[in-house]
1. Sort the stretch 49-160 into rounded, prolate or oblate with this rule: let a ≥ b ≥ c be the square roots of the eigenvalues of the Cα gyration tensor; rounded if a/c is under 1.5, and if a/c is not under 1.5, prolate when a/b is larger than b/c, oblate otherwise.
2. What pairs in LYS81/LYS165; LYS51/LYS102; LYS51/LYS319 have C-alpha atoms more than 21 Å from each other?
3. Tell me whether the chain comes out rounded, prolate or oblate; compute the Cα gyration tensor, take square roots of the eigenvalues as a ≥ b ≥ c, and use a/c under 1.5 as the rounded threshold.
4. Kindly report, to the nearest 10 Å², the accessible surface of GLU127 as traced by a 1.4 Å probe over protein heavy atoms only.
5. Over the chain, with every protein chain in place, what whole percent of the accessible area is carbon and sulfur at 1.4 Å, could you tell me?
6. Going highest first, how would you order 118-125, 132-139 by mean Cβ packing within 10 Å?
7. Using alpha carbon centroids, what distance separates the stretch 53-80 and the stretch 81-100, in Å?
8. When ligands, DNA and RNA are left out and all protein chains stay put, how many square angstrom of accessible area per residue does the chain have with a 1.4 Å probe?
Amino acid sequence: MYTLPELEPLRDFDAIAVLTSGGDSPGMNPAVRGVVRAALNQGISVYGVQKGYSGLLAGDLRLMTSSSVRNIVQRGGTILKSDRCEAFKQPENRRTAVQILKDKGIQGLVVIGGDGSLTGAHCLAEESDLAVVGLPGTIDNDIFGTDDTIGFDTAVNTALDAIDKIRDTASSHERHFLVEVMGRNSGFLATHVGIAAGAEMVVVPEYEVHIEQLGQQLSESRRSGKGSSGIIVVAEGRDPGLTYRLAEQLRQQGEDPRVCILGHIQRGGQPSGHDRVLASSLGAMAVSYLLAGYSDIMVGVDAGGIVEVPLDSVIRYRKGLDPHLFELALLLHK
């Protein structure tokens, strides 16, 4: 359970809206449920925006009831659907979105998503008198200002379940497998998965990979009797095809690895208990922060407590991979 701050209500809302944007993550539905149930309990009407910012520009807003979010806490994905909306980057389109919300009598908005979605939320708050609160929803756990993000824990466990099965085949055929997980710019997912899976090596965007050194380590493991099979976890990185290139370079050094791309399987599935509690807590607290007069903030987690973080800081700064955690991943494979 998280430590929830006590906030004094300072303003009233007739109606608020909630949307999910960008890549979906397990736990978005519990977050939506938290927003809707908390708002209705305060006598506030709630509109669900369909398909993120695209649906907002299209005026696709639907009034939600308590029944709208019944039996969704265990479902992956998002019942509100999601989208990536390039048009929302244009100020004139954001002005249109604000007017659409005002025409519905909506005074507050909760945005659930990653850095791009939270950037849009910041722009809305900065350019209008709309009260906007963001929630960190991404499996990458790369959002500045929060220790945890909605969907990260589930994605780690999904990858672990797959790797545990892959390891059986790796052992049977005495081969190494390069398992690619998501993370174009962040190695949080790869590092946590690597440690939890007992991987022989972890490759992340934050640190340069020395393929010759990797090949030597695999050869030494085979010669020392430690093992002729194992798992190498690779974050997808910024350049497509990285994992296949690493596999080919290892073949040139005498290894015979196989590649497994987990891909979008990491985004789906039932959210873990951890993500359900996290998302529900953040969703309910988003309403509390709106009522307390806050805007242009993200509600996140710091040292087990729910905290508010200015959206300006969220989009301005980058959350770095803990070097000690990565060093632990390297240490444990030796």
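1. Values: a/c = 2.08, a/b = 1.40, b/c = 1.49.
Here the stretch 49-160 falls in the oblate category.
2. Working: LYS81/LYS165 31 Å; LYS51/LYS102 19 Å; LYS51/LYS319 27 Å.
From the list (LYS81/LYS165; LYS51/LYS102; LYS51/LYS319), the Cα-Cα distance tops 21 Å for LYS81/LYS165; LYS51/LYS319.
3. Values: a/c = 2.45, a/b = 2.29, b/c = 1.07.
Verdict is prolate for the chain.
4. 90
5. Details: 6820 of 14640 Å².
Here carbon and sulfur together make up 47 percent of the probe-accessible area.
6. Working: 118-125: 24.0, 132-139: 30.1.
By packing density, highest mean first, the sequence is 132-139, 118-125.
7. The distance from the Cα centre of the stretch 53-80 to that of the stretch 81-100 comes to 18 Å.
8. Numbers: 14640 Å² over 334 residues.
Per-residue value: 44 Å².
The values are calculated or read from the model by the stated rules, or taken from the named source; none is laboratory data. Quick caveat, the model's predicted, so the values are computed rather than measured. No Cβ is skipped: glycine too gets one built from the backbone with ideal geometry, and neighbour counts run over all protein chains shown. We work out accessible area using only protein heavy atoms, side chains counted, and drop any ligands, DNA or RNA first. Shrake-Rupley method; radii C 1.70, N 1.55, O 1.52, S 1.80 Å.
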